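Values in this text are rule-based calculations from the coordinates and carry no lab data. Not measured: the values here are computed from a predicted model. So basically every Cβ, Gly included, is an ideal-geometry build from the backbone, and we count neighbours across all protein chains shown.
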Amino acid sequence: MHLRIFGDPVLFHIGTVPVTETMVTSTVVTLLLIATAVLLAYLATLRPQHWLSLVAFMIVESFDNLVTEIIGRRHTIVSTLAGSLFLFIASCNIAGQLPGVHPATGSLATTSALAVVVFLSVPIAGIRSNGVWGYIKHYFRPNPLLMPLHVISELSRTLALAVRLFGNIMSGHLVVGLLVALAGFLVPTPIMALDLLIGLLQAYIFAILSTVYIGAAISAGEE
Amino acid sequence: MNDQTIIAVVAMAGAGLTMGLGAIGAAIGESRIGAAAMDALARQPDEASSITRTLFVSLAMVESTAIFCLVVALILLFANPFTGAAGG
Amino acid sequence: MSPTLTTFLFEAVNFIVLTAVLGWLFFKPVRQALSERRAKFEAETQQAAQKLAEAERMQRDIDATRANLQAELNELRSRELESVRRQAEQILTEARIAAERQREISRRQAAQMSETQRDTLAEVAATAAAETVGRLFEQIGGPELQSALIESACQQLRSLPQRTIAPVKIESALPLSPEQLAALNDALGPAASGADFRTVDGLGAGVRIATGQGLIDASVSGLTQFARQSLVQEMKRLANNHNPLQSVNDA
């Protein structure tokens with residue numbers, strides 16, 4: 001067997017650009033997600049009584065409520081970001097349960113890409129909400145000496161975000177692979193169920209932590 | 001016993017120690033989080049949704065230290081830059 | 001280009017595109033539909049609340065009307081009842097008065113009837129008794145009776161004042177003997193001079209003396225008459241006693 005921890009096999013090249021397996025998987029997941037979302041939105045707009053449109057209402061409403069609870073007011077852009085994060089990560093994790101599919105979130109490149117997107121969203125949201133000076137000022141509170149700690153905290157939490165997701169998904173996948181190699185067929189089923197739960201939980205946590213970070217930046221100048 | 005063997009032995013021992021010691025702190029922390037969450041739930045059942053959300057977030061954040069340990073152990077075992085057989 | 005860096009960049013772009021597409025094609029329309037739905041629900045809820053309020057108002061109106069009607073009905077009924085009761089009382093009173101009067105009349109009639117009957121009975125009884133007494137006297141008869149009666153008349157005459165006796169008229173059933181005449185003259189005293197002696201039938205025995213003071217009847221018929229009268233009186237007195245049975249028991 002081949003244990004894959006950090007490596008990513010290159011399937012083919014488009015010109016000089018290598019296309020890895022993770023890229024293909026995440027593209028397929030993204031396209032499926034967009035298709036489903038467009039179908040749900042179509043149903044929700046035209047047939048609000050359909051049960052699928054009720055599912056769509058539930059998803060949107062729950063994310064809006066979550067963001068409202070965390071930030072303290074309605075914020076549709078943050079809600080959209082959190083919802084997209086959750087849906088993408090959860091879809092990737094569930095797709096990882098399929099045989100022969102390596103989850104896109106089990107690659108450190110993907111999780112760090114998501115973490116960096118969140119890391120960049122934080123100052124953007126803070127500046128949009130409080131202005132440039134208002135956002136930068138909060139790094140020097142309560143004491144200018146604490147500014148390096150703020151910066152380190154932001155970097156480390158981004159790192160933690162990326163590595164947490166990567167470690168959880170990768171280790172779950174690894175354990176399942178080891179059990180399949182050692183014990184055989186159907187034995188790792190309970191571990192796969194746990195893996196499914198952990199995957200959804202990690203998606204939820206990623207979305208919530210992103211919301212918390214962005215919410216903290218938005219309400220930074222309101223002390 | 002050449003250098004590669006010594007490095008492999010030390011890496012394996014370090015990986016085991018990393019995993020074991022790292023799991024201790026995460027286990028203690030998670031148990032305390034669970035106890036505190038139960039206490040808070042018993043005191044304020046109305047705040048169940050908020051408490052549950054905070055509980056999961058805290059559990060994930062504490063568990064992330066164990067996950068870091070796991071990643072480090074895996075790096076030591078499979079992606080050790082000092083061994084010739086770097087995974088990958 | 002290293003595969004890891006390519007993957008990293010691709011994933012970042014991929015996720016940003018995904019977020020944008022989801023935001024435009026999923027979250028925005030669904031949010032809009034949701035708010036429309038909520039607005040519709042709110043409108044319906046408001047409408048329902050309005051209708052409920054209207055229904056409650058109508059219910060209150062109906063209740064008030066019903067209460068009014070009930071009160072009116074009660075009043076009417078009680079008034080009717082009162083008038084009927086008064087009428088009944090009036091009728092009852094009139095009937096009672098009429099009955100009282102009727103009863104009084106009947107009682108009086110009954111009393112009259114019984115009184116008349118009683119009187120008649122007393123008369124008959126007294127007459128019978130007096131006739132018996134008269135027959136008794138006639139059977140006794142004879143000069144002894146005559147002289148006893150004259151003696152009695154003399155005693156009565158003596159009890160009267162002497163001066164006012166005259167004029168005197170003496171009627172006797174039998175011719176008077178000299179002794180009897182002397183006794184009468186003695187009793188009359190000064191009035192004896194103008195006395196008119198006569199013998200009359202129907203007296204039975206004894207004398208009847210009419211004086212200026214009144215009649216002294218010492219004849220059998222007079223006694224009989226007197227006895228009859230006194231019997232009648234006695235019987236009437238007994239009858240007027242309203243508890244004859246008791247007196248009978250007492251006797």
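Shown here are the Rg and Dmax of the Cα trace of the range C:1-110, at 45.6, 153 Å. Inverting the pair-averaged 1/r between distinct Cα atoms of chain B gives 15.1 Å as its Kirkwood hydrodynamic radius. Sparsely packed loop sites in the range B:10-88 (the trypsin sites (Lys or Arg not before Pro) outside DSSP H, G, I, E and B with at most 10 other Cβ atoms within 10 Å) do not occur. In chain A, taking the dipole from charged Cβ atoms about the Cα centre, the farthest positive-side position among A:Gly131, A:Val67, A:Gln97 is held by A:Gly131. Listed by chain and number, the aspartates and glutamates whose alpha-carbon sits under 14 Å from that of A:Lys137, ignoring those within fewer than 8 places in the same chain, are A:Glu222, A:Glu223. Semi-axes of the equivalent ellipsoid of chain A are 33, 25, 17 Å, computed as sqrt(5λ) over the eigenvalues of the C-alpha gyration tensor in descending order. Measure out, as a whole number of angstrom, how far apart the alpha-carbon centroids of the range C:138-209 and the range A:88-105 sit. About 177 Å separates the Cα centre of the range C:138-209 from the one of the range A:88-105.
Distance between the modelled labels on C:Gln155 and C:Leu81, one decimal in nanometres: 8.5 nm (7 Å Cα→Cβ projection). In whole percents, the pair-distance distribution calculated for the protein assembly as shown from its alpha-carbon pairs, binned every 10 Å from zero, is 3, 11, 14, 13, 7, 4, 3, 2, 2, 2, 2, 3, 3, 4, 4, 5, 6, 6, 4, 2, 1, 0. Taking Cα atoms only, the orientation of helix A:189-218 departs from the longest principal axis of chain A by about 20 degrees. Principal-axis analysis of the Cα atoms of chain A puts helix A:108-130 at an angle of about 20° to the longest axis.
The calculated FRET efficiency for the pair A:Leu98 and A:Leu52, based on their C-beta separation and a Förster distance of 22 Å, comes to about 0.45. Of all lysines in the structure, those lying under 27 Å Cα to Cα from C:Lys51, and not within fewer than 8 positions of it along the same chain, are C:Lys40. By the beta-carbon count within 10 Å of each Cβ, the least crowded to most crowded order of B:Met1, A:Met23, C:Met58, fewest first, is B:Met1, C:Met58, A:Met23. Across chain C, counting alpha-carbon atoms alone, Rg and Dmax equal 64.4, 209 Å. Annotation for the range A:149-219: chymotrypsin sites (Phe, Trp or Tyr not before Pro) lying in DSSP loop with at most 14 further Cβ atoms inside 10 Å of their Cβ are A:Phe185.
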